[in-house]
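Worksheet for the structure shown next.
The values are calculated or read from the model by the stated rules, or taken from the named source; none is laboratory data. Keep in mind that what you see is a predicted model, and the values were worked out from it rather than measured. Note that we place each Cβ from the backbone using ideal geometry, even for glycine, and neighbour counts take in every protein chain shown.
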Amino acid sequence: MNEYNLHKYIKTAVFLSISLFLIGIALMIFNQSYTLNQSIQLSDFMNQLLLGNPLAIIYLGILNLILIPIVSLFYLEIAYIAEKDKNISLLTIITISMLIIVIMIRLILF
């Protein structure tokens, strides 16, 4: 497995998240009509993002940070399956399953 590819992905994704966050903060500073007290509904997120709402851009950076470990797990699972490493592949599947179960419980209960 080429761990360097995963390292490059994580490094690029973190840099993108930081950039989105800084762009959102800069836009918020220069455009005083947006404040951090506002909130964006999930149904309106894409529309606000297309309108250039700085808070939506900051949220996109945070969403990207949240998705980094999830995408990394799926990449690792594919790499372990390709290498036919059954033990580590099973552990990765268990980890992904636990993550999915926790997300589903969170969505169902709240």
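Do you know which residues across the stretch 88-104 are among the β-branched types (V, I, T) and either exposed (fewer than 11 other Cβ atoms within 10 Å of the Cβ) or touching a strand residue (DSSP E or B) at 6+ places or on another chain (Cβ under 8 Å) (or both)?
Scanning the stretch 88-104 gives I94, I101, V102.
Taking the stated definitions as given, is M104 part of a helix (DSSP H, G or I) and at pLDDT below 90?
Yes: the conditions hold for M104.
Tell me the residue from G61, G24 that is crowded, with 18+ Cβ neighbours inside 10 Å and in contact with a Phe, Trp or Tyr (Cβ under 6 Å, 6 or more places away or on another chain), please.
G61
Can you tell me which of (1) touching a residue at least 24 places away in the same chain (Cβ under 8 Å); (2) farther than 26 Å from F21 by Cα is the one P54 doesn't meet?
(2)
Taking L107 as meeting all but one of (1) within 17 Å of N5 (Cβ to Cβ); (2) loosely packed, with under 10 Cβ neighbours inside 10 Å, write down the number of the exception.
(1)
Would you point out which residue out of S17, S43 is buried (at least 16 other Cβ atoms within 10 Å of the Cβ) and out of contact with any strand residue (DSSP E or B) (no Cβ under 9 Å at 6 or more places or on another chain)?
S17
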